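S.K.: What follows is a structure written as structure tokens; I'll ask about it next.
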């Protein structure tokens, strides 16, 4: 029982990171139907920025705001300069561009911060570990039915719930949310009711990248360091989460992320002999396959139905 | 007074020019109908006016040149378009469709809500379905929703792109009756393109005939239906 609860909470906090990256994927997909392959790497760049701010002595709260701000700008600029010009050509062109951006950002991170886990006393980092948003000393845990649950796990989980609540308000009760929904539903008609669709797309990309930045920082905090490979598997899990929840449903992305996180941890823990730590990425692949075969629109996605 | 005037309007898609020097006028309070067969350039005319395709020549609204404006700014100037076919937001509720129609307005929620109630009264079937997703409505209901949505922006000119398309004749009649009533009671000016000549000419103040991107005849409905060749080609009797 203790082990189960522990794995459950570890899974939820791990899954929260997937949720955050998946949320970014979904926000962009809803607006344009594009899958942003660089979502994880955009987040990683911002995570490095947060590390750098920490090196300069800024508290993690301020660093996070700067990192998310950089994320917003990065996303918005990417949409305007890279995506918009090729989006007119084809979906495939956008796919290639985001793939290129994925490579470029990882190369850029390497060029600036070198291929090593940071912070690193060997290169003179001032920080001992990547700053966590929540208490994460070995003594920071609560006892739940005998299981030691890290405060950090609980904090991360709550953070995702709060963020989801904010997004829910955005999509359902604001003009910007209405405009985003309208563009997602029918971009041509959105123009005809006077929505500035270009602006909406730019803001969507910015928002997605800012949320991704939050995900990267949370994950680096759990992981205690940031390195060039940090987001590779996260991105794969996040894609699985978005597929599971439905690519056009923010709520689905959150739930999908949490479910994948839990499944991953349970599979690695309980089916140790044949899944274990090495094969657990395979869990994501299995989930993607099963969802696509059984319910292609995902748990909460809208199946495209049209009355004729 | 002239509300809309186009002069030398040319537009098309890529290398293909569809409209050739179109001269059109809509006066305030008029219902102007553009008749044309398939491929005559009816939808292109609508798109050229609403700015959703590149155009040359000039489009003037109340004397002001709107040729250079983007589609969203043309809506802000008071031109609302009901797109061809099902131009609603299918995943959004009926109510959210109407809210989206009012997205350019800055006069406060209470006035927008009041307008919404007003159009619910005009289109009772939309009121019954206000929480439903627009995609689940019938073709006629969606067309009414598209019109109500366009009216939510309080336009001075309503552009209707072939509202009868895909609708049963009775539904079309009902729809045209609504447009006529809005014109009479609210003084709404309308520019409407149609192939369905019989129904549309009924309510038209003036009619243009469009053939392969050129205006080939114009006049009142009575004048045009008196012309033998036109009557045979468009009215079928």
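S.K.: Measure of size requested: the Rg and Dmax of the stretch B:161-237, with Cα atoms as the atom set and Å as the unit; please supply both.
M.R.: 12.7, 36
S.K.: In the Gaussian network model of chain A, springs joining C-alpha atoms below 10 Å, which of A:266, A:180, A:199 carries the largest mean-square fluctuation?
M.R.: A:199
S.K.: Find the relative contact order for the stretch B:87-154 and round it to a whole percent, using C-alpha pairs within less than 8 Å whose residues are 6+ positions apart.
M.R.: Answer for the stretch B:87-154 is 56 percent.
S.K.: Test of understanding: in a Gaussian network model of chain A with alpha carbons linked when under 10 Å, which of A:159, A:108, A:192 would top the mean-square fluctuation ranking?
M.R.: Maximum among the listed residues: A:192.
S.K.: Still on this model: Give the separation of the Cα centroids, the stretch A:223-288 to the stretch A:72-140, in Å.
M.R.: Spelled out, the Cα-based centre of one part sits 19 Å from the other.
S.K.: With N residues in the stretch A:11-99, what two-decimal value do you get for its Cα radius of gyration over 2.2 N^0.38 Å?
M.R.: Computed over Cα atoms of the stretch A:11-99, the ratio equals 1.21.
S.K.: Given N residues in the stretch B:103-203, what is Rg(Cα) / (2.2 N^0.38 Å)?
M.R.: 1.08
S.K.: Which FRET efficiency value, to the nearest 0.05, do you get for residue A:88 and residue B:214 by plugging their Cβ-Cβ distance into 1/(1 + (r/R0)^6) with R0 = 35 Å?
M.R.: Plugging the Cβ-Cβ distance into 1/(1 + (r/R0)^6) gives 0.75.
S.K.: A further question on this structure: Of the beta bridges DSSP finds with both residues in the protein assembly as shown, what % are antiparallel, to the nearest 5?
M.R.: The answer is about 60 percent antiparallel.
S.K.: Counting alpha carbon pairs within less than 8 Å and at least 6 residues apart, what relative contact order, in whole percent, applies to chain A?
M.R.: Relative contact order of chain A: 35 percent.
S.K.: Quick one: angle between helix A:91-113 and the longest Cα principal axis of chain A, in degrees between 0 and 90, rounded to 10, please.
M.R.: Relative to chain A, helix A:91-113 is tipped by roughly 30 degrees.
S.K.: Given a cut-off of 32 Å, what percent of all Cα-Cα pairs of chain A lie beyond it?
M.R.: Result for the distance tail: 26 percent.
S.K.: Report P(r) for the stretch B:87-154: all Cα-Cα distances, bin width 5 Å, range 0 to the bin holding the largest distance, values in whole percent.
M.R.: Calculated P(r), rounded to whole percents: 4, 21, 34, 25, 13, 4, 0.
S.K.: On a full-extension model of 0.36 nm per residue, what is the gain between residue B:16 and residue B:229, subtracting their alpha-carbon distance, rounded to one decimal in nm?
M.R.: 73.8 nm
S.K.: May I have the convex hull volume per residue, in Å³, for the Cα set of the protein assembly as shown?
M.R.: Once divided by residue count, the hull of the protein assembly as shown is 176 Å³.
S.K.: Rounded to a whole number, what is D in µm²/s for the stretch A:68-227 from Stokes-Einstein with the Kirkwood radius over alpha-carbon pairs (37 °C, 0.692 mPa s)?
M.R.: For these conditions, the coefficient is 176 µm²/s.
S.K.: Find the percent of Cα-Cα distances in chain B that exceed 22 Å, and round it to a whole number.
M.R.: 51
S.K.: Taking R0 as 35 Å, what FRET efficiency do you get between residue A:143 and residue A:281 from their Cβ-Cβ distance, rounded to the nearest 0.05?
M.R.: Approximately 0.65, to the nearest 0.05.
S.K.: Turning to a different aspect of this structure: Say R0 is 51 Å: what FRET efficiency, to the nearest 0.05, do residue B:128 and residue B:7 get from their beta-carbon distance?
M.R.: 0.70
S.K.: Taking chain A as the reference, fit the longest principal axis to its C-alpha atoms, fit the long axis of helix A:151-173 to the helix C-alpha atoms, and give the angle between the two in degrees, 0 to 90, nearest 10.
M.R.: With both axes taken from Cα atoms, the answer is about 10 degrees.
S.K.: Assuming 1.306 mPa s and 10 °C, estimate D for the stretch A:55-96 with Stokes-Einstein, Rh taken as the Kirkwood radius over Cα pairs, in µm²/s.
M.R.: Reported coefficient: 131 µm²/s.
S.K.: Could you work out how far apart the two model spin labels at residue A:295 and residue A:121 are, taking each label as a point 7 Å from the Cα in the direction of the beta carbon, and quote it in nm?
M.R.: Distance between the two pseudo-spin positions: 5.1 nm.
The numbers here are math on the coordinates, done by the rules we state, and not lab data. These numbers come from a predicted model, not from an experiment. Cβ coordinates were reconstructed from backbone atoms using ideal geometry, including for glycine residues, and neighbour counts include every protein chain displayed.
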